[in-house]
1. Those residues that are in a loop (DSSP other than H, G, I, E, B) and buried (at least 20 other Cβ atoms within 10 Å of the Cβ), I need them from the stretch B:28-57; list them, please.
2. Here is a list: B:E8, B:E25. Which entry is more than 9 Å from chain A (Cβ to nearest Cβ), farther than 27 Å from B:S134 by Cα and not in a helix (DSSP H, G or I)?
3. Restricting the stretch A:113-134 to residues that are more than 7 Å from chain B (Cβ to nearest Cβ) and part of a helix (DSSP H, G or I), which is nearest to A:P58 (Cα to Cα)?
4. How many of the residues in the stretch B:57-72 are touching a Lys or Arg at 6+ places or on another chain (Cβ under 9 Å), at the interface with another protein chain (Cβ under 7 Å from one of its Cβ atoms) and within 21 Å of B:A162 (Cα to Cα)?
5. Please work out if B:K10 is under 21 Å from the mean Cα position of the chain (by Cα) and basic (K, R).
6. Could you tell me which of the residues A:F110, A:F167 is farther than 21 Å from B:V107 by Cβ, open to solvent by 30 Å² or more (accessible area, probe 1.4 Å) and within 13 Å of another protein chain (Cβ to nearest Cβ)?
7. Hey, which of the strands (runs of 3 or more DSSP E) in the stretch A:147-266, taking only ones fully inside, have at least 1 residues that are more than 22 Å from A:I67 (Cβ to Cβ)?
8. Within the stretch B:78-117, can you find the residues that are surrounded by 24 or more Cβ atoms within 10 Å (Cβ to Cβ), polar (S, T, N, Q) and within 13 Å of chain A (Cβ to nearest Cβ)?
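The values are calculated or read from the model by the stated rules, or taken from the named source; none is laboratory data. Nothing here was measured: the structure is a model prediction, and the numbers come from that model. Virtual Cβ from ideal backbone geometry, glycine too; neighbours counted across all protein chains shown. Note: areas computed on protein heavy atoms with side chains; ligands, DNA, RNA excluded. Shrake-Rupley method; radii C 1.70, N 1.55, O 1.52, S 1.80 Å.
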Amino acid sequence: MQQTKDLAALQQFCTRIRRHIVEMITEAKSGHPGGSLSAVEILAVLYHEVMRHDPENPQWPDRDRFILGKGHAAPVLYSVMAEFGYTPVDQLHTLRRIGSIYQGHPDRRFIPALEASTGSLGLGLSVGLGMSLAARLNNSPTRVYVVLGDGEIQEGQVWEAAMFAAFHKVDNIVAIVDFNKIQLDGWVKDIMEVEPLADKWRSFGWHVITLDGHDIPAIRSAFSEASATKGKPTVLVAHTIKGKGVSFMENNPKFHGMAPTKEECAQALAELN
Amino acid sequence: MAVKTKYELKLGAATREAFGKALVELGKENQDVVVCDADLSKSTMVHWFAKEFPDRFFSCGIAEANMVAIGSGLASSGKIAFVASFSAFVLNKGFEQLRVTAAYPNVNLKVVGTHSGISIGEDGPSQMSIEDLSLACALPGFVVISPADEVSMSAFVRLAAAHVGPVFLRAGRVKVPQIYDPGQKFEIGKAITLVDGKDVTLIAHGLMVAESIRAAGILEAEGVSARVIDMPTIKPLDTDAVRIAASETGAIVVSEEHLVDGGLGVRVAQAASLSHPCVMEYVGLTDYAESGTPEAVLEKFGMTAANVAAAARRALKRK
């Protein structure tokens, strides 16, 4: 496990990740900036302070597992993994290009250190549960972290998985809902409301922690609480801002799946210092 | 191996039963074998495994999509994960999960579909699986196997477990004739010649293998020498066996309890077209069936030795 960084250092890391996200999507001329930017603090805390992982030994059997259920947010995952040395930082700009390891959505064939190939929504939590069960059978300390989109949880399979996890008392898994309120076609509340979200998870038998998904101390404390919660799975309902950190992308449905122009990129980078 | 000339075709166990028993044996030998079920354990016969190894058995409730993806997660963490349901449910409801969590990342998942084909009888078309081979074969990297009897099913459960990569294993509900003696050797991707013949080749999988053997008997009485080949592995196909059958007999009839579209027949035709094109006929389904006793359903929808023999006569006329 990584040592706890001081807050300022972690915030600087988040800014660096945001710069990667904006630059790589601009270069690719397509991709999903909004939902990548909203999940930055969650992944930063996980990879720096929570997960037991070793970039030198990515297949270590007892490692913790991370699955990006909302696979379209691949740029945030690629940027974090690259910063940790899993993959080359200087290739991030090849995102979505033919032959690149940085495929449009996470693809294990190109990056074996990825725990799952995702992109079709609603499958990640179930795959994560399989890994949790395997860890339990092996008496392994492995814990599994699955980041879900708020639009993604409209998929019925997520609730099949939610039912399963509580029924089987799977307590080595943590789901994190990146609750940024926006999906492809617009606001979640206008497409298919998911609220009351905390109540839904609670009624499915999960321990629910509601928090500000950009508040690093709150994220740290939520993951500690999740680790201490036994006998049931934990979900973090993380209230986030789509496009967080770039003023003109924040809360703007347009930037769910639209690349910034070169000018917009320059403006975004000027804000991300 | 010498080809047997006489088959008693004595009724044996259903292939689902052979699967359930083989799974328990496998579980005893290998602690990594785990099983996921979607509320059909008494029908798929994985309840025996559940009783023997409760810690390695996961009840998923009636949620096949979740079950398949959980199986993929288990397999991704080194387990030999079997997920079992009716073919109609695990392939259709789980197809997206088979594609994205097993085929595409090449995960070592074992998928077993029981109650395949129309021979389930009374339950009717919603439970009958006639598209499963087409779907399973559409998934790159999947090995697709449809054993004909209990001996071959037992062997293929072990072969599936030993194979590294995703596998779909097709089982049936009803008791089927015994074709193989215990101890028979099987290989993934290898056809087995059951009856020698020179005029026409009858290729089949599942319960149509026994019907093809019977058809060879009918044809023999008419002076036609029919070769019978069991093709338990639908994918990867034994293309050598197809080429040799096409070149030596010049006519092939493929019989299967599945839609003709997307089944073994079209795969055999493709293989023959690339090596030795020959006259071909198909015995299979073209539409959804209906309720009835298994025997009545099989007869009404053309899945009998008489249908195979008739197809062989048509092929011979066109030769």
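1. Result: B:A38, B:M45, B:V46.
2. B:E8
3. Once the filter is applied, the top-ranked residue is A:S132.
4. Adding up the residues that qualify gives 1.
5. yes
6. A:F167
7. It comes to A:207-212.
8. If the condition is that a residue be surrounded by 24 or more Cβ atoms within 10 Å (Cβ to Cβ), polar (S, T, N, Q) and within 13 Å of chain A (Cβ to nearest Cβ), then B:Q97, B:T101 are the ones that fit.
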